[in-house]
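Colleague: Before we start, here is the structure in question, set down as structure tokens.
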Amino acid sequence: MKFLAVATTLLTAASALVIERQASAPPADQVSIESVAWAGTGCPAGSVSEVLDPARQTLTLLFDAFVATIGGGAPVLEQYKACTINIRLKVPQGWSYTVYKTDYRGYAALDAGVTAVQKAIYFFSGESTQWSAQTVFRGPLSKDYLMTDAISDGKTEFSPCGGKANLNINSSLRLTRTGSGTGFISTDSIVNKVIHQYGLQWQKC
């Protein structure tokens, strides 16, 4: 596979937090996304666009630089990209929430001997407990992908009860290789707009 360095400039990725409605969940008008902030090599200043729907129930971040590459003359620093996202939710008293799954869609092009790891670590501000999910891709492959990382019961942490809960998501892409293979992975697809969708689970507290 011939890796084209220009490909990294053509890819746009998206990450979304969608407040899903469940049988056991607070009323929609009592939950809202209040603010969002981000930082990291995968989301440098000026490379992210924020879209928040009028009901403040869905947040989408569009990334221009969240792509990891290896080989083909790419600098070593391009092998690992990360972005920390901080989302503040307004949660009604008597309720708390957690992230129980992440849906990933993107594209990976890896030579034999090249491995890509897509990982997300979650934690609430002020809390010590973290939980994570990850997907591993091994070359040779060249494909669009749609994956769901479901987090087992008991391996997540619920937010403090009620009030404003700051959810932190450390999302990363890492490439390694044995040999001289090339490759890249993005949180994108052939249509250039794809979602990391984080599913929320609610409980009364």
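Colleague: Scan ASP103, ASP111 and give me the residue that is touching a strand residue (DSSP E or B) at 6+ places or on another chain (Cβ under 7 Å) and within 30 Å of SER180 (Cβ to Cβ).
Modeller: Going through ASP103, ASP111 in turn, just one is touching a strand residue (DSSP E or B) at 6+ places or on another chain (Cβ under 7 Å) and within 30 Å of SER180 (Cβ to Cβ): ASP111.
Colleague: Here's another thing I want to ask about it. From the list ASP144, ASP103, ASP111, exactly one residue is among the charged types (D, E, K, R), crowded, with 16+ Cβ neighbours inside 10 Å and more than 30 Å from SER24 (Cα to Cα). Which is it?
Modeller: Numbers: ASP144 fails: crowded, with 16+ Cβ neighbours inside 10 Å; ASP103 fails: more than 30 Å from SER24 (Cα to Cα).
Residue meeting the stated conditions: ASP111.
Colleague: Applying the selection to the range 41-82, what residues are among the aromatic types (Phe, Trp, Tyr) and modelled with pLDDT of 95 or more?
Modeller: Just the residues of the range 41-82 that are among the aromatic types (Phe, Trp, Tyr), to begin with: 63, 66, 80.
Hit for the range 41-82 is TYR80, nothing else.
Colleague: Of the residues that make up the range 131-143, is at least one more than 19 Å from ALA68 (Cα to Cα), of a type outside the set (S, T, N, Q), in contact with a Leu (Cβ under 7 Å, 6 or more places away or on another chain) and at pLDDT 85 or above?
Modeller: No, the range 131-143 contains no residue that is more than 19 Å from ALA68 (Cα to Cα), of a type outside the set (S, T, N, Q), in contact with a Leu (Cβ under 7 Å, 6 or more places away or on another chain) and at pLDDT 85 or above.
Colleague: Can you tell which of LYS155, LYS143, LYS164 is of a type outside the set (S, T, N, Q), in contact with a strand residue (DSSP E or B) (Cβ under 9 Å, 6 or more places away or on another chain) and within 22 Å of GLY181 (Cβ to Cβ)?
Modeller: Exactly one of LYS155, LYS143, LYS164 is of a type outside the set (S, T, N, Q), in contact with a strand residue (DSSP E or B) (Cβ under 9 Å, 6 or more places away or on another chain) and within 22 Å of GLY181 (Cβ to Cβ), namely LYS143.
Colleague: Restricting the search to the range 90-148, which residues are closer than 19 Å to ILE169 by Cβ, in contact (Cβ under 8 Å) with a residue 60 or more places away in the chain and of a type in the set (D, E, K, R)?
Modeller: Result: LYS90, LYS101, ASP103, ARG105.
Colleague: Turning to a different aspect of this structure: I want to confirm something. Restricting to the range 165-198 and keeping residues that are at pLDDT below 80 and surrounded by fewer than 14 Cβ atoms within 10 Å (Cβ to Cβ), which single residue is nearest to THR41 (Cα to Cα)?
Modeller: LYS193
Colleague: THR8: among the β-branched types (Val, Ile, Thr) and either at pLDDT 80 or above or in contact with a Leu (Cβ under 7 Å, 6 or more places away or on another chain) (or both), yes or no? Can you show your working first?
Modeller: On the way: among the β-branched types (Val, Ile, Thr): yes; either at pLDDT 80 or above or in contact with a Leu (Cβ under 7 Å, 6 or more places away or on another chain) (or both): no.
So THR8 fails the test.
Colleague: Also, I was wondering about something else. Checking LYS164 against (1) in contact (Cβ under 8 Å) with a residue 40 or more places away in the chain; (2) closer than 19 Å to PHE66 by Cα: exactly one of these is not met. Which one?
Modeller: (2)
The values are calculated or read from the model by the stated rules, or taken from the named source; none is laboratory data. As the structure is a prediction and not an experimental result, all values here were calculated from the model. Don't worry about glycine lacking a Cβ; one is built from the backbone with ideal geometry, like all the others, and counts go over all protein chains shown.
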